[in-house]
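One structure below.
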Amino acid sequence: MAQDIFLWLFSVVGLINFIHLGLYIAGANIYDMQRLMRGRTKKQPKQRPYKPHITVLIPAHNEQMGVIRTIESVRASTYKNLSIVVIDDASTDNTAELVRHYIRENSVKTRPHFVQENGAVMRKFRRLNVGATSMRLLSLTKNSGKAAGLNYALKRAVHGGLVMTLDADSEVAPDAIANAVQYFRDPKVVGVGANVHIQEQHTILGLLQKFEHMIGYRSKKFYTVTNSEFIIGGVASTYRYSVLKRLDFYDTDTVTEDIGLSMKVVAQGNRAQRIVYAADVVASTEGVQSYRALFKQRYRWKLGNLQNLLKYRHALLANHDAKYSKTLTMYRIPMAYLSEVMLMMQPFFLGYVVFLSIMYHTVGLFLGSYLTITVYILWNLWPDEHHGAFHKLRLSLYAPLMYFCFFIMDAVQIVAIVRCLIHARQLTDKRDHIGTWASPARAKAAAAS
């Protein structure tokens, strides 16, 4: 009887995963076709220029190795109606001094201009930045945490338009900001998630993160097509400032402020206001440099995800509320819970597959699983619009090995959820999570040492 129940569970979970992968592939293809069709209709009468002001917020804590590179990637943008605000959250390294020096060296302090006051022409001076990009540094004297730092900037340095947040270890492609802005032509779009790539890191860990991001972000195409997206990461995410102000900006009672903000937006309803994934808003970020850092990162992500799922459970599981799409309430959110359960069961299922292979002297079951995942990886790799043919060919050589490498990530995820269960009180803890920034080891620092 127990064996029959386990076999039934194994079959059901396998079917769910198979359907899930099929939906990802179909949704991504539909997204690609929709973009292709929009590209072919560009010969229609020109639209009115749409160039709202966008403020790029760069929160930083001990990021002296990469923060200037991040700023320069923004200043190299093809979109010019923007300003940059760096928030130094009480760094103990040279982050603030480097940013302050960079702004000073790239500013024109005494550009004269003339104004007419009371019938007389007056000569005045104003501070301008090279390239007409305004840059500003906000320094916090007390380490307050990323969410609190962003809120400080949103209340004091942003006055409207659009807001993009960019981690200080990340970079944006030259056309990323211009592409992000255009999605807001649709008045229903209130948030846009970027297509984040992992920067080159010639290790198994770096390769693993690269494939994981590539596959994970392609699945977001399906969520956008079905209007069921509710998670936007912190790298190059863009929002309407008016929406953030109405929601009182970021909450500080979870450990993942980016997930918390996107779920806070979606909890208000996702029919009248949508968050979407933008494949052409390309950004890159550094992956973690060690397995210890990976365990720490994924525990924080898992804890924050579960905290927010529980925090917004009443709004997001309202299946009969007309302000939510059915794909969100009846598929995406239930799958978010179910995937955690299936993750916990995965070691037992893997052991069962090995047991059956040994018992019946066949590797058919294992081989079928291996081939399915390998084909799925290649299916995600080759349609990617941002990798050249040579790069895709090189990554394809690694694809047959990734099935086994993904067991590393599965183990990390299982450890993360076990730790969340051990510290279950944190899942519903409403206290502010402040004053702690992890200062990860950076690849540039490692290379320099």
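The values are calculated or read from the model by the stated rules, or taken from the named source; none is laboratory data. Keep in mind the model is a prediction, meaning the values are calculated, not measured. For neighbour counting, all protein chains shown are included, and Cβ atoms are generated from backbone atoms with ideal geometry for every residue, glycine included. Keep in mind that these areas ignore ligands, DNA and RNA; they rest on the heavy atoms of the full protein, side chains included. Shrake-Rupley method; radii C 1.70, N 1.55, O 1.52, S 1.80 Å.
Below, the figures for the structure above:
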read-out: Pairwise FRET efficiency - Glu97 versus Arg35, Cβ, R0 = 41 Å, nearest 0.05; value: 0.40
read-out: For region 278-384, convex hull of alpha carbons as volume per residue, Å³; value: 191
read-out: Of all accessible heavy-atom area on region 229-386, the percent that carbon and sulfur account for (1.4 Å); value: 67
read-out: 222 nm mean residue ellipticity, helices alone, for the chain (DSSP H n ≥ 4; -39,500 (n - 2.57); rounded to 500); value: -16500 deg cm²/dmol
read-out: Ellipsoid semi-axes in whole angstrom, largest first, where each is sqrt(5λ) of the Cα gyration tensor of region 358-401; value: 29, 9, 5
read-out: Rounded accessible area of Phe406 (nearest 10 Å², 1.4 Å probe); value: 40
read-out: With at most 14 other Cβ atoms within 10 Å, longest stretch of the chain clear of loop GluC sites (Glu not before Pro) (DSSP); value: 1-199
read-out: Heavy atoms of Arg274 accessible to a 1.4 Å probe, total area in Å² rounded to 10; value: 60
read-out: Rel. contact order, % - alpha carbon contacts under 8 angstrom, at least six apart, region 129-221; value: 13
read-out: Beta bridges by DSSP in the chain, antiparallel share as percent, to the nearest 5; value: 40
read-out: Estimated distance in nm for a label pair at Glu105 and Phe407, the labels positioned 7 Å out from Cα along Cα-to-Cβ; value: 5.0
read-out: Distance (nanometres) between label positions extended 7 Å along Cα→Cβ at Tyr370 and Ala322; value: 5.5
read-out: For Ile25, solvent-accessible area (1.4 Å; no DNA, RNA or ligand), Å²; value: 40
read-out: Cβ-based charge dipole, the chain, positive-most Cα from Gln34, Ser144, Gly364; value: Gln34
read-out: Met330 versus Arg419: modelled label distance in nm, points set 7 Å from Cα along the beta carbon direction; value: 3.8
read-out: Projected-area average for region 199-314 over all orientations - Cα convex hull basis, square nanometres; value: 7.8
read-out: Fully extended contour minus Cα-Cα distance, from Phe348 to Phe295, at 0.36 nm per residue; value: 16.9 nm
read-out: Heavy-atom surface of region 328-421, accessible at 1.4 Å and reported per residue (Å²); value: 53
read-out: Space enclosed by the convex hull of the alpha-carbon atoms of region 166-244, per residue, Å³; value: 107
read-out: Fraction of alpha-carbon pairs over 14 Å apart in region 12-83 - percent; value: 78
read-out: Theoretical gain in end-to-end length, Leu393 to Asn81 [0.36 nm per residue, Cα-Cα removed]; value: 108.5 nm
read-out: Alpha carbon convex hull of the chain, volume per residue in cubic angstrom; value: 186
read-out: All Cα pairs of region 205-248, percent lying beyond 14 Å; value: 66
read-out: Length-normalised contact order of the chain in % [C-alpha pairs under 8 Å, at least 6 apart]; value: 18
